[in-house]
Amino acid sequence: MRDVFVYSQHPIGTLEVDIDVIRHFDIKTPNYPLYPSIDYFIDAFDASVHANWADNRKIGGTRRPLSIYVHIPFCRSLCFYCKYNHIITNKKANIEKYTSFLLREIKLQEKLFQNDTSVEQIYFGGGTPSILNDDQLCRVMSGIYQHFSLTQNGECTIEVDPRFTKNDSISILREIGFNGITLSVQDFDSEVQKAVHRNQNEDDTLRIVHGAQQEKFKSINIDLVYGLPKQSIDKFDRTLEKIINARPNKISLVNYMHLPEKFKAQRHIKVKDLPSTETKLEIIRHAISQLTKDGYVHIGVNHFARHDDKLVVALQQGRLYRNFQGYSTHVDCDLIGLGVSAISSIGPTYSQNYCDLDQYYDKLKQNTLPIMRGLELTTDDLLRRLVMHMLMCNSLLSFESIETAFPIDFKHYFGTEMAELLEYEKSSLITLGDEEITVTPKGRLLICNICMVFDKYQRKHNERRIITNTI
Ligand code: SF4
């Protein structure tokens with residue numbers, strides 16, 4: 001008998017978990033926060049190209065709204081599952097120096113966006129953004145607000161580490177202007193925490209969530225990670241139950257990807273401690289069941305939102321967007337990335353700052369934006385990015401909507417992809433109509449696999465097994 005489970009709290013967020021199908025398609029896929037990926041950025045894209053595209057925003061009538069991402073790379077200790085650009089430090093002088101260079105960078109970016117001040121989203125990510133003290137955070141925010149202003153319904157979010165956040169910091173964050181927080185929890189179990197070198201007291205986490213609720217933060221997001229060493233179904237169930245009881249607006253279930261050859265920190269993790277694929281599948285099935293029962297709706301990829309969250313309304317009304325930070329109700333924005341390794345996206349381009357701190361500082365000392373590399377997307381890149389965006393946000397792709405935006409005959413242009421999609425249709429992950437592709441409740445969990453069919457770069461380089469990502 002097949003193991004098929006249907007979870008439905010909300011008509012639009014229905015998920016069907018077919019264990020055999022997941023096993024069959026459990027290949028390594030990117031998560032597509034951006035397309036094409038940074039692997040295809042080129043060195044010839046420098047600060048002057050970025051400036052030209054920022055200048056182009058002044059031409060013509062409609063501009064995309066702006067958003068700002070601020071990267072704080074510092075962490076106090078190393079988590080063994082880490083895959084982010086981080087620098088371990090406890091030195092106050094390092095953090096102060098970085099703050100002052102961030103302010104220089106803000107001033108340089110400001111010059112490119114004269115009379116272009118309205119921002120829909122500000123996001124502080126890391127690393128550990130809350131490693132900046134209240135005064136440093138306040139100075140960075142003031143630097144941003146000297147030129148830019150957040151729209152009335154704008155979001156201003158910061159990633160907070162509960163291990164090092166005092167109670168009064170939450171009210172100060174609210175005063176500074178933040179209205180959203182993200183907490184990384186992973187798992188409350190002490191054995192798991194020991195195995196990943198992140199000792200995070202459960203009381204500290206819940207204290208921050210309750211504090212943020214009291215301070216009326218509009219959005220509280222919690223990231224849990226499954227597939228960590230020493231993890232079991234029961235342990236993850238217990239963690240999730242406590243998190244659900246705290247009623248955050250959003251919960252993300254992140255699949256731990258063990259790639260020690262790529263991420264040095266992961267070399268500390270013992271392979272023998274990792275849960276089996278079967279255990280991981282059961283963890284995720286239990287989690288979906290628990291979340292659905294307790295009123296959380298699957299938004300897409302690995303994101304769930306409480307049934308009364310605006311993301312659920314946006315999903316229902318077909319107004320959902322996806323950017324580097326996940327799903328959003330804000331339309332596709334041009335993004336200004338600040339800080340070491342940060343990525344910007346202006347018009348049809350991506351660019352990335354230097355990942356090395358000294359190189360980042362050197363460029364800023366020369367009064368030049370610290371852009372290391374980037375990419376001008378081709379028409380084909382933009383077309384494929386839109387296709388993936390529609391599949392990920394609407395679970396529906398109308399050929400006509402693509403043909404209106406691009407001068408192509410969809411079925412002809414994507415002949416190879418349409419043929420490849422037949423395998424997905426056979427497994428009931430999608431339905432292929434004359435006018436559209438619809439992702440089924442069974443396919444929603446494997447949306448990245450479906451999107452990968454449209455990824456020309458993966459096809460070209462035959463690198464189709466890079467990063468594992470079932471959900
Ligand atoms: S997982 Fe986050 S907090 Fe931990 S080392 Fe990496 S960036 Fe720092």
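None of the figures in this text is laboratory data; all of them are computed from the coordinates on show. Please read all numbers here as calculations on a predicted model, not as lab measurements. Because the Cβ atoms are built from the backbone with ideal geometry, glycine has one as well, and the counts that use them run over all protein chains shown.
Quick notes on this structure:
- Toward the positive end of the charge dipole of the chain, with +1 on the Cβ of Lys and Arg and -1 on the Cβ of Asp and Glu, the farthest Cα among Tyr350, Val312, Ile222 is that of Ile222.
- Of Lys235/Lys262; Lys166/Lys194; Lys97/Lys363; Lys218/Lys242, those spanning more than 26 Å from alpha-carbon to alpha-carbon: Lys235/Lys262
- The convex hull around the C-alpha trace of the range 39-335, projected and averaged over every direction, spans 16.6 square nanometres.
- Checking every one of the trypsin sites (Lys or Arg not before Pro) in the range 82-121 against DSSP loop status and a limit of 12 other Cβ atoms within 10 Å picks out Lys91.
- Quick note on the range 205-318: its Rg to Rh ratio, both from C-alpha atoms and Rh being the Kirkwood radius, is 1.01.
- Charge dipole of the chain (Cα centre as origin; +1 on each Lys and Arg Cβ, -1 on each Asp and Glu Cβ, all else neutral): 1060 debye, rounded to the nearest 20.
- Cα-based shape type of the range 74-159, given that a ≥ b ≥ c are square roots of the gyration tensor eigenvalues and the cut on a/c is 1.5: prolate
- Hull shadow area, averaged, the range 252-340 [alpha-carbon convex hull, nm²]: 8.5 nm²
- Annotation: amide H-H contacts under 5 Å for Lys28 (H modelled 1.01 Å from N, sequence separation of 5 or more, or interchain): Ile466.
- Using a Förster distance of 60 Å, the FRET efficiency for Gln114-Glu423 (Cβ separation, nearest 0.05): 0.70
- Theoretical gain in end-to-end length, Lys242 to Phe164 [0.36 nm per residue, Cα-Cα removed]: 26.0 nm
- Selection of trypsin sites (Lys or Arg not before Pro), the range 181-219, meeting DSSP coil and at most 16 other Cβ within 10 Å: Lys216, Lys218
- Projecting the Cα atoms of Gln200, Ile251, Gly443 onto the dipole axis of the chain, where Lys and Arg carry +1 and Asp and Glu carry -1 at the beta carbon, places Gln200 farthest toward the positive end.
- For the range 348-424, pairs of C-alpha atoms spaced more than 20 angstrom apart make up 51 percent of the total.
- Additional length obtainable on full extension of the chain from Glu175 to Ser190, 0.36 nm per residue less Cα span: 2.0 nm
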